[in-house]
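Right, one structure below, let's go through it.
The values are calculated or read from the model by the stated rules, or taken from the named source; none is laboratory data. For clarity, every value in this text was computed on a predicted model and none was experimentally measured. No Cβ is skipped: glycine too gets one built from the backbone with ideal geometry, and neighbour counts run over all protein chains shown.
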Amino acid sequence: MPSNIVKKYYRSNTLPHIWCHGCGNGIVTRCIVKAIDALGLDKNDVCVVSGIGCSSRASGYLDFNTLHTTHGRALAFATGVKLANPKLHVIVITGDGDSSAIGGNHLIHACRRNIDITTIVFNNNIYGMTGGQYSPTTPTGEKGTTAPYGNIDPNFDLCSLAKAAGASYVARGTAYGAVQLQKLIENGLKNKGFSFIEAITACPTYYGRKNKKGSVVNMMELVRDSAVVNNAWEKLSDEQKQGKFIVGEFYNEPRPEYTEQYDKIIAQYRKEGGL
Ligand code: SF4
């Protein structure tokens, strides 16, 4: 029997989804839905925008105002939606390649503007839908179809990138730690500004298989064992930090939001007789 959450927020005519068995995308999507439910947001006041990739298919499964857009451009479309109707809670669902390679420029400028959009990056360290090419978050030395002998690029720390570019809320969680991830998304939705939440998730079909990470269960255990909470991180030696990452809230500093600033300019223009 479908749960109330599924009945209320998913489009039954688009299910079952096409994600592979063991893919973490379903867990992360459910965390987003549960965060919306916990905050009591009206479905009609929510707009979910996605780009292209496995995770971006989520917008088709969810029963909100939704836009499934072009590769890397989810934030550009979301910016237009937010400017046209600033009252909407605009949520962007994107992957690591979609957001930081093809859409990298949109990402840094959305952060810089501090426009009130909550972006959740499903980071599975690879391009899943297009066939396992390495992405900007594939760890150095790991393999993809376009890096059969190992990737030589250093990988992006997406949270550091978002914080440096100006996002006013930055956090990282995992598909394994679903309760924590939901809470981080709730906090991101509450922030009046650009919120960036990285959700570490597993792609057993491409990343796992190419890099011999074992079964689906092994991959989830790897996510669990690699995630270190903020205050425990400092106690680790450099050697112990190898292959691990921090989870939690990294930055939460509200500052003037873009559409509000934009409205002030319009009001000023009107006051001076421009319109
Ligand atoms: Fe998930 Fe990877 Fe399958 Fe895409 S290819 S649905 S990311 S497991």
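Taking the numbered list (1) buried (at least 16 other Cβ atoms within 10 Å of the Cβ); (2) away from the ligand (no atom under 14 Å from the Cβ); (3) closer than 23 Å to residue 233 by Cα in turn, residue 179 passes all entries but (1).
Please indicate, with yes or no, whether at least one residue in the range 222-244 is more than 25 Å from residue 160 (Cα to Cα) and touching a residue at least 24 places away in the same chain (Cβ under 8 Å). Explain how you work it out, then say what you get.
First, the residues of the range 222-244 that are more than 25 Å from residue 160 (Cα to Cα): none.
No: zero hits.
Considering (1) surrounded by 13 or more Cβ atoms within 10 Å (Cβ to Cβ); (2) within 16 Å of the ligand (Cβ to nearest atom); (3) among the polar types (S, T, N, Q), the lone condition that residue 187 does not fulfil carries the number (2). Residue 92 satisfies every condition listed in (1) modelled with pLDDT of 95 or more; (2) surrounded by fewer than 22 Cβ atoms within 10 Å (Cβ to Cβ); (3) more than 16 Å from the ligand (Cβ to nearest atom) except (2).
Of the residues making up the range 249-275, those that are in a helix (DSSP H, G or I) and free of Cβ contacts under 8 Å to residues at least 60 places away in the same chain are 261, 264, 265, 266, 267, 268, 269, 270, 271.
Among the numbered conditions (1) surrounded by 13 or more Cβ atoms within 10 Å (Cβ to Cβ); (2) part of a helix (DSSP H, G or I), the only one that residue 246 does not meet is (2).
Residue 235 falls short on exactly one of the conditions (1) surrounded by fewer than 17 Cβ atoms within 10 Å (Cβ to Cβ); (2) in contact with a Phe, Trp or Tyr (Cβ under 7 Å, 6 or more places away or on another chain), and that condition is (2). The residues in the range 34-53 that are surrounded by 24 or more Cβ atoms within 10 Å (Cβ to Cβ) and touching a strand residue (DSSP E or B) at 6+ places or on another chain (Cβ under 8 Å) can be counted, and the count is 6.
Check every one of the helices (runs of 4 or more DSSP H) wholly within the range 1-95 and list those with 2 or more residues that are touching a helix residue (DSSP H, G or I) at 6+ places or on another chain (Cβ under 6 Å) and over 27 Å from residue 220 (Cα atoms). Steps first, answer last, please.
On the way: elements: 4-9, 25-39, 58-61, 74-84.
So the answer is 74-84.
Quick one: is residue 76 away from the ligand (no atom under 16 Å from the Cβ), among the small types (Gly, Ala, Ser) and either without any contact (Cβ under 8 Å) to a residue 12 or more places away in the chain or surrounded by 24 or more Cβ atoms within 10 Å (Cβ to Cβ) (or both)?
On the way: away from the ligand (no atom under 16 Å from the Cβ): yes; among the small types (Gly, Ala, Ser): yes; either without any contact (Cβ under 8 Å) to a residue 12 or more places away in the chain or surrounded by 24 or more Cβ atoms within 10 Å (Cβ to Cβ) (or both): no.
Against the criterion (away from the ligand (no atom under 16 Å from the Cβ), among the small types (Gly, Ala, Ser) and either without any contact (Cβ under 8 Å) to a residue 12 or more places away in the chain or surrounded by 24 or more Cβ atoms within 10 Å (Cβ to Cβ) (or both)), residue 76 does not qualify.
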